[in-house]
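The values are calculated or read from the model by the stated rules, or taken from the named source; none is laboratory data. Just so it is clear, the structure is predicted and the values come from calculations on it, not from any experiment. Every residue, glycine as well, gets a Cβ built from its backbone with ideal geometry; the counts of neighbours run over all protein chains shown. Remember, those area values only see protein heavy atoms, side chains included, never the ligands or the DNA or RNA. Shrake-Rupley method; radii C 1.70, N 1.55, O 1.52, S 1.80 Å.
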Amino acid sequence: MPLALLALAVSAFGIGTTEFVMMGLLPDVADDLDTSVPTAGYLVSAYAIGVVLGAPLLTGLGSRIPRKKMLLLLMALFTVGNLASALAPDFGWLIAGRLLAGLPHGAFFGVGAVVAARLVTEGRQARAVATMFLGLTVANIVGVPAATLLGQHLGWRATFLVVAAIGLAAMAALARLVPPIPVEAHQDVRREVRALGDRQVVLGLLTAVFGFAGVFAVYAYLSAMTTKAMGFGESSVTLVLALFGIGMTLGALAAGPLTDRALRPTLYGSLGALAVVLAVFPFTVHVKGVALVMVVLLGAVGFMTTTPLQMLVMNKAKDAPTLASASNHSAFNLANAGGAWLGGAAIAAGWGWTSPAPVGAVLAVTGLAIAATAGRLDRGQGQESRVVARAARPACEEKAATDAVRP
């Protein structure tokens with residue numbers, strides 16, 4: 001694999017750390033800024049809103065910017081957002097900092113996925129995209145627990161200062177390792193927006209919203225489940241979160257080669273396995289050893305869905321691979337917000353601390369049904385799930401190839 005993928009993975013590590021670390025720092029932030037923990041929870045929502053808004057907006061604004069330069073600009077905005085969070089004088093400014101830090105998230109992964117796919121030969125694109133996402137999963141094993149401990153001992157502002165430093169390191173790696181990659185000759189904002197209206201792209205995004213919401217219905221309350229349902233002490237929360245991150249990493253490693261070989265079967269299998277794990281989860285939480293294994297499995301099957309979904313929307317949005325890929329991350333963050341809300345509603349209704357799991361199972365089955373419907377429609381049209389992203393080539397050759405296939 002090219003070293004440029006390492007630079008993308010380092011960037012993903014920083015993004016993943018800042019996205020998830022706030023869940024562990026909410027009590028510290030609430031105490032320091034004299035607010036309640038539920039109110040501090042808006043900081044998680046602020047980041048998610050930034051992702052949803054920034055993915056299509058920044059991708060569209062940067063549609064004519066060379067891909068390497070675009071990655072550097074997005075990572076610079078990410079770094080500024082985290083620095084602003086660290087220096088925020090009050091809660092309102094911290095909300096703004098979190099929103100700013102979230103804006104480049106989806107656009108970076110959208111551009112990064114297309115760049116990763118163009119860095120390798122045909123047939124290895126999904127593995128390249130999965131390699132970039134490894135940075136996101138490793139963040140949940142190392143970055144989030146370490147950043148949480150740092151914030152608890154040195155203050156939450158220190159966490160965001162470190163994440164800003166990671167952003168600077170990622171920019172240096174991108175500048176050094178990523179080769180110049182020109183903008184596709186046919187790329188146009190209006191054409192990309194029209195491509196997003198493709199039925200298969202819409203169904204792919206809906207699959208992400210419902211299918212991945214099943215993961216977040218449980219993940220958002222995993223800390224509380226650890227102490228209130230599994231019977232562990234508060235000191236074990238970091239371990240359980242790290243085990244979930246290990247599962248995510250294993251899922252990402254498996255998803256790459258499986259998606260390259262069979263995209264839709266990998267998607268169907270991962271969503272089906274996710275539904276089964278979520279349905280069984282409430283019956284296993286009271287046996288500590290089994291519960292820990294289920295946490296790893298949940299992370300693995302949940303994250304196995306991301307690579308095939310990412311490749312699917314890139315494949316089907318032939319004229320808008322970057323915008324479609326970025327929009328997919330908006331879908332994932334809608335899943336984050338929606339899954340967490342539905343899981344919380346189940347707990348508030350008095351159904352118990354494990355009730356988000358069956359709610360998540362229903363969401364996963366819904367995502368699988370949407371994916372299966374899209375597959376049947378695809379076969380009915382005689383289409384194939386072909387990877388359209390190409391390995392990086394000289395600009396003149398890229399333009400000639402694009403012109404040759406343009407209708």
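Here are a few things to note about the model shown:
- Three-way shape label, the stretch 1-150, alpha-carbon gyration tensor, a/c 1.5: prolate
- Label-reachable residues, the stretch 92-106, where backbone N falls under 19 Å from a point 7 Å from Asp32's Cα toward its Cβ: 92-102
- Note on His153: accessible area is roughly 150 Å² with a 1.4 Å probe, heavy atoms of protein only.
- Most mobile listed residue (Pro180, Pro145, Pro104) in the chain, GNM with C-alpha springs under 10 Å: Pro180
- Additional length obtainable on full extension of the chain from Ala262 to Val202, 0.36 nm per residue less Cα span: 19.5 nm
- Arg199 accessible area, assembled protein chains, probe 1.4 Å, Å²: 120
- Each distinct pair of alpha carbons in the stretch 61-160 adds a 1/r term; the inverse of their mean, the Kirkwood radius, is 15.2 Å.
- Accessible surface area normalised per residue over the chain is 39 Å², counting heavy atoms of protein chains with a 1.4 Å rolling probe.
- Taking each residue as 0.36 nm, the span from Ala96 to Leu3 lengthens on full extension beyond its C-alpha to C-alpha distance by 30.0 nm.
- Total formal charge among the other residues, if their Cβ is under 13 angstrom from that of Ser236, Lys/Arg +1 and Asp/Glu -1: +1
- The angle separating the long axis of helix 91-118 from the principal Cα axis of greatest extent in the chain is about 40 degrees.
- Here the convex hull built on the C-alpha positions of the chain has a volume of 120 cubic angstrom per residue.
- Folded to 0 to 90 degrees: helix 263-280 orientation relative to the chain principal axis, Cα: 10
- When the chain is treated as a GNM with alpha-carbon contacts under 10 Å, the residue of Phe13, Phe303, Phe232 showing the greatest mean-square fluctuation is Phe232.
- Projecting the Cα atoms of Val51, Leu33, Met70 onto the dipole axis of the stretch 1-119, where Lys and Arg carry +1 and Asp and Glu carry -1 at the beta carbon, places Met70 farthest toward the positive end.
- Exposure rule at most 13 other beta-carbon atoms within 10 Å, DSSP loop GluC sites (Glu not before Pro): the chain longest free segment: 123-383
- 12 Å beta-carbon shell around Ala46, net charge (K/R +1, D/E -1): 0
- Helix 125-138 vs. the chain, principal-axis angle (Cα, 0 to 90°, nearest 10): 20
- Fraction of accessible area attributable to carbon and sulfur, the chain (%, probe 1.4 Å): 69
- Value at 222 nm in deg cm²/dmol, rounded to 500, when DSSP H runs of n ≥ 4 in the chain each add -39,500 (n - 2.57): -26500 deg cm²/dmol
- Selected from Thr306, Thr373, Thr18 as most flexible by GNM, with the chain as the system and alpha-carbon contacts under 10 Å: Thr373
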